[in-house]
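Participant: Let me give you the structure first, and then I'll get to my questions.
The values are calculated or read from the model by the stated rules, or taken from the named source; none is laboratory data. These figures come from a predicted structure and were not determined experimentally. FYI the Cβ positions are ideal-geometry reconstructions off the backbone, even for glycines, and counts take in every protein chain you see. Just so you know, the surface numbers come from the protein's heavy atoms only, side chains and all, with ligands and any DNA or RNA stripped out. Shrake-Rupley method; radii C 1.70, N 1.55, O 1.52, S 1.80 Å.
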Amino acid sequence: MSEKITFKNNQLQVPANPIIPFIEGDGVGKEIWQSAQTIFDKAVEKAYGNKRKVDWKQVLAGGKAFDQTGSWMPDETMDAFKTYLIGIKGPLMTPVGGGIRSLNVALRQELDLFVCLRPVRWFKGVETPVKHPEKVNMTIFRENTEDIYAGIEWMEGTDEAKKLYKFLHEEMGVTKVRFPETSSFGIKPVSIEGSERLVRAAIEYAIAQKAPSITLVHKGNIMKFTEGGFKQWAYALAERDFSDKLFTMNQYEKLKKSEGSEAADKALQAAKDAQKIIVKDVITDAFLQNTLLKPEDYSVIATLNLNGDYISDQLAAMVGGIGIAPGANINYATGHAIFEATHGTAPDIAGKNQANPSSLLLSGAMLFDYLGWFEVGQLIIKAMESLFQKGKATVDLARFMPDGQTLTTSQFTEEMVAHL
Ligand code: NAI
């Protein structure tokens, strides 16, 4: 009998037949969802026989929802994600015209999905712009609710912008606005709570995965209280709550100052010998350089919203995976999570049986990992690895492979099922 997934004592309780809502999505959504669901069900069957099975529950959003109900995001859809905790979605078209929030943003805000999780790895066979894509293996934890992306901004010339400037100038003594008459303004809130919950999630993930390091990526050298605060609070959290499992470069620097380099080096080596995870930090611009020069230095990344946006796409591009990158938005405190294809609706190829379902498939693999059904994700990834290695892929990838063999979406699905 199908049942709800619940969340008790900070843990997901997953029944053998969980109900999981899905949004098919617009454009290529229908094709890639059909492909993905077939592969998910086969992989679950392969892993657990008839002991486990997902009961997929279709909910509407986007253009399809609008056509059928007159609403881009019907209340039932939001309620389903609230009730069933975990969901998966294909791409949604953003309605043209003002006043309508992006549907993805609405979901994120309503469920307070504070982590945007983006794993980045290379699949052998996929063409990339870097020489050693196999060295790129990172998981990005991007803060999803704060920062300059909070949407608190005013256009130049409006009464609000004038009022804000007046306040800043007259009451806060601000003299640094270069062109006050024609400036727009944006506010960048970064809190201790917001930073800590993001960093805690990254740390717990790193511990569970036995990752070698966590890197805090920030621009605290310039934005001292927001990005600098993020770094400071992250180190404080790591040292306060996880001292038995982590060693921070903040501790290293303090030791170096008080007892000298030798003592600090010794402590670092001892931490490595004890297989503690090293927590370090790097300024964003240096990080972007380093990811090209020595990507092997990085594993789990924790960062703020804007940085995370840039970093996710650069890293995905480095492994040739921008079109197949998966993602998830998660609230680890309530269990709510939505897994998604990160590309758009691809209107140019919709209905042509050409779309690549890999982004949705890999986000499904993340979903199964999140449920603790690790075997399913493994099966999907292994099958995908062997197809790409043979040069078998949909046209978006196959056209760049030296001996690429182009498959339609349905052929790709059949091959995946055969390779499970
Ligand atoms: P897009 O990602 O839909 O398309 C960009 C290019 O990538 C196109 O050439 C397309 O054919 C190709 N492409 C995308 N997904 C593919 C797949 N699965 N297989 C093969 N090729 C694929 O971005 P675009 O054109 O900027 O946006 C179209 C619509 O999607 C817009 O309404 C936009 O707002 C929406 N969108 C939705 C997102 C979401 O729901 N997460 C993310 C990005 C855009």
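Conditions (1) free of Cβ contacts under 8 Å to residues at least 60 places away in the same chain; (2) surrounded by fewer than 18 Cβ atoms within 10 Å (Cβ to Cβ); (3) within 11 Å of the ligand (Cβ to nearest atom), marked per residue:
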residue: L379; (1), (2), (3): no, no, no
residue: K382; (1), (2), (3): yes, yes, no
residue: T394; (1), (2), (3): yes, no, yes
residue: L407; (1), (2), (3): yes, no, no
residue: S410; (1), (2), (3): no, yes, no
residue: A418; (1), (2), (3): yes, yes, no
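Participant: Within 16 Å of the ligand (Cβ to nearest atom) and closer than 22 Å to G220 by Cα, is that true of G308? Please lay out each step first, then the result.
Facilitator: Values: within 16 Å of the ligand (Cβ to nearest atom): yes; closer than 22 Å to G220 by Cα: yes.
The answer is yes for G308.
Participant: Look through region 26-52, keep the residues that are among the acidic types (D, E) and part of a helix (DSSP H, G or I), and return whichever of them is nearest to L103 (Cα to Cα). Reasoning before the result, please.
Facilitator: First, pick out the residues of region 26-52 that are among the acidic types (D, E): 26, 31, 41, 45.
Retained after the next criterion (residues that are part of a helix (DSSP H, G or I)): 31, 41, 45.
Numbers: E31: 20, D41: 27, E45: 33 Å.
Among those that are among the acidic types (D, E) and part of a helix (DSSP H, G or I), it is E31.
Participant: Also, I was wondering about something else. Kindly establish whether A365 is aliphatic (A, V, I, L, M), farther than 21 Å from G90 by Cα and at pLDDT 95 or above.
Facilitator: Answer is no for this residue.
Participant: Any chance region 59-66 includes a residue that's farther than 21 Å from D369 by Cβ, assigned by the TED database to the domain that holds I338 and away from the ligand (no atom under 16 Å from the Cβ)?
Facilitator: no
Participant: Residues to consider are I19, I32; find the one that is within 16 Å of the ligand (Cβ to nearest atom) and either modelled with pLDDT of 95 or more or not assigned by the TED database to the domain that holds A337 (or both). Can you show your working first?
Facilitator: Values: I19 fails: within 16 Å of the ligand (Cβ to nearest atom).
I32 is the lone residue from the list that is within 16 Å of the ligand (Cβ to nearest atom) and either modelled with pLDDT of 95 or more or not assigned by the TED database to the domain that holds A337 (or both).
Participant: For region 409-417, state whether one or more residues are acidic (D, E), out of contact with any strand residue (DSSP E or B) (no Cβ under 8 Å at 6 or more places or on another chain) and farther than 16 Å from F40 by Cα.
Facilitator: No, region 409-417 contains no residue that is acidic (D, E), out of contact with any strand residue (DSSP E or B) (no Cβ under 8 Å at 6 or more places or on another chain) and farther than 16 Å from F40 by Cα.
Participant: On the basis of being surrounded by fewer than 21 Cβ atoms within 10 Å (Cβ to Cβ), in contact with a helix residue (DSSP H, G or I) (Cβ under 6 Å, 6 or more places away or on another chain) and more than 27 Å from G125 (Cα to Cα), does L306 make the cut?
Facilitator: yes
Participant: Being surrounded by 21 or more Cβ atoms within 10 Å (Cβ to Cβ) and in a loop (DSSP other than H, G, I, E, B) is the filter here, so list the residues in region 127-144 that pass it.
Facilitator: Within region 127-144, V136, N144 qualify.
Participant: For C116, all conditions in the list (1) surrounded by 12 or more Cβ atoms within 10 Å (Cβ to Cβ); (2) touching a Phe, Trp or Tyr at 6+ places or on another chain (Cβ under 7 Å) hold save one; what is the number of the exception?
Facilitator: All conditions pass for C116, except number (2).
Participant: Another question, if that's okay. Return yes or no: is D41 touching a Lys or Arg at 6+ places or on another chain (Cβ under 8 Å), more than 16 Å from the ligand (Cβ to nearest atom) and farther than 30 Å from I192 by Cα?
Facilitator: The answer is yes for D41.
Participant: Only one of these conditions is not met by D403: (1) open to solvent by less than 10 Å² (accessible area, probe 1.4 Å); (2) away from the ligand (no atom under 16 Å from the Cβ). Which number is it?
Facilitator: (1)
Participant: In addition: Filtering region 44-58 down to residues that are open to solvent by less than 40 Å² (accessible area, probe 1.4 Å) and within 30 Å of E204 (Cα to Cα), which residue is nearest to the ligand (Cβ to nearest atom)? Show your work before the answer.
Facilitator: Taking region 44-58 as the starting set, the residues that turn out to be open to solvent by less than 40 Å² (accessible area, probe 1.4 Å) are 44, 47-49, 54, 56.
Within this subset, residues satisfying the condition of being within 30 Å of E204 (Cα to Cα) are 44, 47-48, 54, 56.
Details: V44: 23, A47: 25, Y48: 28, V54: 22, W56: 19 Å.
Looking at residues that are open to solvent by less than 40 Å² (accessible area, probe 1.4 Å) and within 30 Å of E204 (Cα to Cα), I get W56.
Participant: Mind checking which residues of region 90-116 are within 11 Å of the ligand (Cβ to nearest atom) and modelled with pLDDT under 75?
Facilitator: The answer is P95, V96, S102, L103.
Participant: Could you count how many residues in region 205-229 are under 24 Å from D147 (Cα atoms) and not aromatic (F, W, Y)?
Facilitator: Counting residues in region 205-229 that are under 24 Å from D147 (Cα atoms) and not aromatic (F, W, Y) gives 16.
Yes/no per residue for (1) of a type in the set (V, I, T); (2) more than 16 Å from I140 (Cβ to Cβ):
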position	(1), (2)
A206	no, no
L237	no, yes
K256	no, yes
G260	no, yes
V282	yes, no
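Participant: Scan region 331-372 for residues that are open to solvent by less than 40 Å² (accessible area, probe 1.4 Å), away from the ligand (no atom under 11 Å from the Cβ) and part of a loop (DSSP other than H, G, I, E, B) and jot them down.
Facilitator: N331, G335, H336, G372
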